[in-house]
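Written out below as structure tokens is the structure these notes cover.
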Amino acid sequence: MTLILALLLQLAPATAAEFSEAEHVRLSGDLEQLTSRQLWAGAEKKYLELLEMEKDAGRSILTFEDLLFGAYAARALGHMLEVRDRLGRAILLEGPEEQLKEARDWLSSIRSTYGQVRLLAHNARNVDFAPELLPMDPDQRTSVELAADAIRKYGSFVGLLPRGDYSFAGHSFRVEPGVAVTIETSPRLKKTHGEVVRSAPDPMVDPGPTPVSP
């Protein structure tokens, strides 16, 4: 009996590892299928499940394809910060050369088009937010609409916005690539200066040259 129990304990980790790999394959397949059908909310959900699996594994398990499909889903939903981060991971992995070039070019375009913002109003009711001009590009427009929806619901937004002029909580500001903008308002701050407005270089937006294949 003791010998049988010892053998089972030795086999348990291998069985768990095999199950995790099988689950990874299943989720990756679901993500690819949902991406091909342009069911973006479902694709994003599968990607987040893969992220949770990676967290549980305690190591990087996402493939180039997982990250690229995740970037497609995030773009469709307006989450350009997630697009940038997922592409940043993808280009460090092995993948088909044509798709690697697509990912590098896409990441370079994001870095040259978007700036990072942190907009926070402690009184979330009736906070105004608007671009001076709504972008014509559909991806840029979706990212602005996502920010507007988040501010309308929660009074805050942290993410990427396309280059341009905006207003938030009565304050005008400009978004530029490579610069992080923070605007924070609260009743307590209004007793002094009204808002905290900060602009600083953002190394995550412009971290330097994109790696290229030898």
From the phi of every residue in the stretch 164-170, what ³J(HN,Hα) in whole Hz does the Karplus formula 6.51 cos²θ - 1.76 cosθ + 1.60 yield, where θ is phi - 60° and glycine or proline is x? x, 9, 9, 10, 8, 6, x
Any chance you could run the full-extension gain for Ser60 through Ser167? It's 0.36 nm times the residue separation minus the Cα-Cα distance, nm to one decimal. 34.6 nm
Ranked highest first by the average count of other Cβ atoms within 10 Å around their residues, in what order do 49-62, 77-90, 108-121 fall? 77-90, 108-121, 49-62
May I ask for the distance between the Cα centers of the stretch 91-119 and the stretch 151-169, given as a whole number of Å? 22 Å
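Trypsin sites (Lys or Arg not before Pro) within the stretch 123-192: which are DSSP loop residues with at most 14 other Cβ atoms inside 10 Å?
Values: sites: Arg125, Arg141, Arg152, Lys153, Arg163, Arg174, Arg188, Lys190, Lys191; in loops: Arg125, Arg163, Lys191.
When the trypsin sites (Lys or Arg not before Pro) of the stretch 123-192 are filtered for loop state and at most 14 Cβ neighbours within 10 Å, Arg125, Lys191 remain.
What is the extension gain from Met53 to Ala41, computed as 0.36 nm multiplied by their sequence separation minus the C-alpha to C-alpha distance, in nm to one decimal? Write down the numbers at each step before the final one.
Values: separation 12, 0.36 × 12 = 4.32 nm, distance 1.87 nm.
Taking 0.36 nm per residue and subtracting the Cα distance, the gain is 2.5 nm.
Here, each number is a calculation from the coordinates, and none is a lab measurement. As the structure is a prediction and not an experimental result, all values here were calculated from the model. All Cβ positions, glycine included, derive from the backbone under ideal geometry; neighbour counts span all protein chains shown.
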